[in-house]
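To start, the structure under review is shown below, and the notes come after it.
Since every read-out is calculated from the coordinates, none of them should be taken as a lab result. As the structure is a computational prediction, the values presented were derived from the model and not from experiment. Virtual Cβ from ideal backbone geometry, glycine too; neighbours counted across all protein chains shown.
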Amino acid sequence: MAMTLRLTDADEKILAELAEKDGVSRQEATVRAIRDVAARRGHQQLVSELSTKGRARYADLLDRLGQ
């Protein structure tokens, strides 16, 4: 799917620098950035869910350790 991306001058400069540092096109740098954010958010969600489960599972132990 084709898409037009409108960037501020500052964002365009950041994107160009990112692409240059990675040795890729600006389009590839944009795709990588999108995928990176999506992966980090997915990871953060997983960590949050596992933390919630762990706190529930070990609530008694954590309470005793806190005393």
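Loop-located trypsin sites (Lys or Arg not before Pro) in the chain (DSSP state other than H, G, I, E, B) with a sparse environment of at most 12 neighbouring Cβ atoms within 10 Å: Arg6. Listed values (1) 55, 26, 22; (2) 27, 22, 21; (3) 46, 24, 24 include one computed from this model; for Cα extents along the principal axes in Å that value carries the label (1). The residues packed around Ala19, meaning those with a beta-carbon under 13 Å from its beta-carbon, carry a net charge of -2 if Lys and Arg are +1 and Asp and Glu are -1.
Other residues within the sphere of radius under 14 Å centred on the Cβ of Asp63, judged by their own Cβ, net out at +2 (K and R +1, D and E -1). Excluding Glu49 itself, what net charge comes from residues whose Cβ is under 14 Å from its Cβ, given Lys and Arg +1 and Asp and Glu -1? Residues close to Glu49 contribute a combined charge of +4.
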